[in-house]
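Below you'll find the structure, written out as structure tokens, and then a few comments.
The values are calculated or read from the model by the stated rules, or taken from the named source; none is laboratory data. This structure is a prediction, so every number in the text was calculated from the model and none was measured. Here the Cβ positions follow ideal geometry from the backbone for every residue, glycine too, while neighbour counts run over all protein chains shown.
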There are 2 protein chains.
Amino acid sequence: MEFYRGKRVLVTGGLGFIGSNLVRRLVKAGASVTVIDATYPDQGANLFNLKGFLDEIVLVVSDIGNLEEISSYLVDQEIIFNLASSTSHIGSMQDPIKDLERNCLSQLRFLRAVRELSPGARIIYTGSRSQYGTPLYQPMDEDHPTRPVDINGIHKCTVEEYHRLFHHLSYIRFTSLRLTNVFGPRHQMLHDGHGFLNWFIRKALAGEDILVFGDGTQERDFLYVEDAVEALLLAGVSSECEGEVYNVASEIPVSVAEAAKAVADMAGVKWKCVPYPQERLSIEPGSVRLSSRKLRETTGWSPHHTFLEGLEKTMEFYRRHGHRYFHPAKGRIILERKGK
Amino acid sequence: MEFYRGKRVLVTGGLGFIGSNLVRRLVKAGASVTVIDATYPDQGANLFNLKGFLDEIVLVVSDIGNLEEISSYLVDQEIIFNLASSTSHIGSMQDPIKDLERNCLSQLRFLRAVRELSPGARIIYTGSRSQYGTPLYQPMDEDHPTRPVDINGIHKCTVEEYHRLFHHLSYIRFTSLRLTNVFGPRHQMLHDGHGFLNWFIRKALAGEDILVFGDGTQERDFLYVEDAVEALLLAGVSSECEGEVYNVASEIPVSVAEAAKAVADMAGVKWKCVPYPQERLSIEPGSVRLSSRKLRETTGWSPHHTFLEGLEKTMEFYRRHGHRYFHPAKGRIILERKGK
């Protein structure tokens with residue numbers, strides 16, 4: 001963590017789930033952190049995510065494609081964690097144009113500005129398991145074909161390719177971490193469009209039964225957010241990671257039914273299986289397991305939390321702070337700045 | 001060709017190079033052809049390309065993303081050859097946002113409208129060799145990773161993925177043909193942004209020497225346009241091709257120097273090597289060879305023209321009609337319609 005002391009670090013999407021957990025670590029490590037976050041209401045931004053840290057950072061509330069507002073904050077950044085992403089699998093099918101504009105268009109504008117204002121910057125992009133689509137073999141490594149089964153997954157690939165191309169042209173130095181089923185504190189709790197585990201937790205903490213779509217046998221390798229943040233920080237330090245794509249996965253398969261049972265047991269509620277809604281069935285990839293061998297071998301990374309350890313911490317967080325997530329404050333956040 | 005008689009066929013980009021050669025074949029086969037073409041000045045549209053055929057088709061001059069103008073022409077089409085594409089490798093680096101809007105945004109709008117107005121339509125999309133980027137092995141088959149080295153190549157992949165996804169969801173029935181170095185009559189002759197062979201021909205017919213970038217040893221497998229059209233027509237007929245991606249390549253490697261020499265000899269001019277301009281060097285993939293074994297084995301397709309046969313025909317075409325391409329009529333084409 002010494003590496004980050006005094007470094008100028010930009011985190012896009014830094015008010016969101018993974019972004020805010022990352023920002024907290026960076027600030028503790030002594031980095032000079034700027035956060036850009038559009039705070040779109042359907043995404044994960046929550047001011048409470050950075051409670052206690054807001055005075056330590058520069059916060060810019062804007063879309064990363066809005067260069068008029070953000071350009072001055074892009075000057076001479078050393079490391080950029082590019083987590084800003086409009087993530088909605090179902091929503092991207094209902095409004096693919098919005099998904100295109102928020103992801104591809106904004107990222108393309110952003111990367112061109114970065115090239116100009118922070119030439120040669122180190123960028124860590126966060127991709128997603130959804131880039132692979134239905135598994136052709138398992139566990140999927142980074143060479144698995146990318147055949148997304150929703151528009152958002154296609155656009156995640158497109159944006160990763162922008163990064164790869166800009167790296168190829170020596171405009172930036174990029175690494176992509178394809179994350180899968182990250183869970184933990186500071187995940188939004190307003191809808192189930194960003195993974196089902198947080199939704200299970202919300203339902204359970206509200207005393208409701210958990211509904212599992214299908215028979216619950218499909219497996220996921222859930223990754224606790226602190227372990228995902230660790231991977232991001234390691235990738236930012238490692239020059240060996242430059243130009244490369246890595247899966248980040250716990251490699252511990254847990255079935256959806258097991259996850260539901262664990263959450264239900266901790267909260268003292270019941271769980272049961274119900275048929276898939278049609279809109280979910282068409283984009284459901286079945287069991288998914290990723291290999292993160294490449295990341296382990298390159299950086300020495302490995303997850304430090306079992307699923308149950310992570311889940312305990314997560315439940316505890318939402319027991320204490322759930323009201324900040326179940327009914328967050330409404331209204332547009334005012335642009336907050338700190339003198340640079 | 002009997003298959004196409006009486007069929008309702010839509011060709012996007014049908015005033016362009018490959019599109020117009022295709023439309024001529026379709027009309028001759030008795031298809032009921034609608035053409036949509038944006039006629040962007042930097043692209044390949046030329047009214048002369050359909051000379052003698054304009055009275056036989058419905059021509060809609062519009063961007064395929066302009067649903068207000070085109071929707072009524074999308075109703076109940078049976079086969080759609082989706083060739084509309086803004087192709088500019090260098091230009092896509094200079095103005096990537098324009099490339100995004102013209103390709104991804106327009107195609108996404110178009111495909112959603114097709115889904116609604118011609119549900120289950122058979123769509124043949126034309127991809128490109130540029131989707132592969134720098135070869136990791138040769139000849140490249142369809143499983144070769146897609147790592148484009150320009151923005152246009154990235155967007156060609158994105159649009160192909162839109163098609164694949166819509167096929168996966170049973171909205172359309174798609175095939176992608178990834179074309180490589182197609183040449184022949186009706187190629188635009190105003191700039192060298194769509195391949196160098198037409199540019200060699202233009203220079204040679206103007207009596208100028210041909211300039212080859214680099215040492216000219218890099219190889220391409222040039223495909224004569226009539227053979228490319230044959231592949232499109234076969235793919236449209238074959239149900240086996242549905243959901244699949246195919247390379248279309250001659251598989252006869254010709255070096256750039258050999259191509260320059262052949263053109264120069266036919267026109268009686270000289271050729272010489274000059275250093276690469278920097279902007280070209282960065283996106284130059286080196287020698288490229290594709291395998292079209294998959295297409296051959298599925299459809300029985302094979303090219304019927306050698307490089308020199310195709311070149312002779314091409315030179316002859318431009319000797320006769322060059323004035324229509326070197327200095328085409330200016331001005332926006334007026335929307336022409338034929339009663340349906």
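In the set A:288, A:245, only one residue is among the aliphatic types (A, V, I, L, M) and modelled with pLDDT under 95; that residue is A:288. Remark: pairs (first residue in the range A:125-145, more than 18 Å from residue A:280 (Cβ to Cβ); second residue of a type in the set (Gly, Ala, Ser) and in a loop (DSSP other than H, G, I, E, B); Cβ separation under 8 Å; 6+ apart in sequence or on different chains) = A:126/A:85; A:138/A:287; A:139/A:249; A:139/A:291; A:140/A:291; A:141/A:291.
Look at the range A:100-117: where a residue is without any contact (Cβ under 8 Å) to a residue 24 or more places away in the chain and more than 13 Å from residue B:105 (Cβ to Cβ) and a partner is part of a helix (DSSP H, G or I) and of a type outside the set (S, T, N, Q), sitting 6+ places away or on another chain with Cβ atoms under 8 Å, you get A:112/B:96.
Only a single criterion out of (1) in contact with a strand residue (DSSP E or B) (Cβ under 7 Å, 6 or more places away or on another chain); (2) away from chain A (no Cβ under 14 Å); (3) in contact (Cβ under 8 Å) with a residue 60 or more places away in the chain is not satisfied by residue B:189, namely (1).
Against the numbered list (1) crowded, with 19+ Cβ neighbours inside 10 Å; (2) more than 23 Å from residue A:113 (Cα to Cα); (3) within 15 Å of the chain's Cα centre (by Cα), residue A:16 comes up short only at (2).
Considering (1) buried (at least 23 other Cβ atoms within 10 Å of the Cβ); (2) within 14 Å of another protein chain (Cβ to nearest Cβ); (3) over 24 Å from residue A:291 (Cα atoms), the lone condition that residue A:166 does not fulfil carries the number (1). Whether a residue is facing chain B (nearest Cβ under 8 Å), more than 26 Å from residue A:222 (Cβ to Cβ) and among the aromatic types (Phe, Trp, Tyr) was assessed, and residue A:171 does not pass this test. Take the conditions (1) more than 14 Å from chain B (Cβ to nearest Cβ); (2) without any contact (Cβ under 8 Å) to a residue 60 or more places away in the chain; (3) not aliphatic (A, V, I, L, M); residue A:208 misses just one of them, which is (2). For the range B:131-139, the criterion of a residue being surrounded by fewer than 21 Cβ atoms within 10 Å (Cβ to Cβ), small (Gly, Ala, Ser) and farther than 19 Å from residue B:241 by Cβ is satisfied by no position. Of the residues making up the range A:271-292, those that are among the small types (Gly, Ala, Ser) and more than 14 Å from chain B (Cβ to nearest Cβ) are A:287, A:291, A:292.
Listed by position, the helices (runs of 4 or more DSSP H) inside the range B:191-290 whose residues that are aliphatic (A, V, I, L, M) and buried (at least 18 other Cβ atoms within 10 Å of the Cβ) number at least 1 are B:197-205, B:225-237, B:256-267. With respect to the conditions (1) in contact with a Ser or Thr (Cβ under 8 Å, 6 or more places away or on another chain); (2) modelled with pLDDT of 95 or more, residue A:120 lacks only one, and its number is (2).
A search for C-beta distances below 7 Å between a residue of the range B:146-163 that is within 7 Å of chain A (Cβ to nearest Cβ) and at negative phi and any residue that is basic (Lys, Arg) and not in a loop (DSSP other than H, G, I, E, B), counting only pairs 6+ apart in sequence or on different chains, returns B:147/A:164.
Going by what's in this entry, would residue B:212 be described as hydrophobic (A, V, I, L, M, F, W, C) and at pLDDT 95 or above?
Values: hydrophobic (A, V, I, L, M, F, W, C): yes; at pLDDT 95 or above: no.
Criteria not met by residue B:212.
Considering only the range B:116-131, state which residues are part of a helix (DSSP H, G or I), more than 14 Å from chain A (Cβ to nearest Cβ) and under 19 Å from the mean Cα position of the chain (by Cα). Give the derivation first.
The initial filter retains those residues of the range B:116-131 that are part of a helix (DSSP H, G or I), namely B:116-117, B:129-131.
Those still in the list that are more than 14 Å from chain A (Cβ to nearest Cβ) too: B:117, B:129.
Hit for the range B:116-131 is B:129, nothing else.
Taken over the range A:26-53, the residue count meeting the criterion of being closer than 20 Å to residue A:64 by Cβ and without any contact (Cβ under 8 Å) to a residue 12 or more places away in the chain is 1.
Restricting to the range B:292-304, name every residue that is in a loop (DSSP other than H, G, I, E, B) and crowded, with 19+ Cβ neighbours inside 10 Å. If you could, list the steps in order and put the result at the bottom.
Applying the first criterion (in a loop (DSSP other than H, G, I, E, B)) to the range B:292-304 yields B:292, B:300-304.
Hits for the range B:292-304 are B:292, B:301, B:303.
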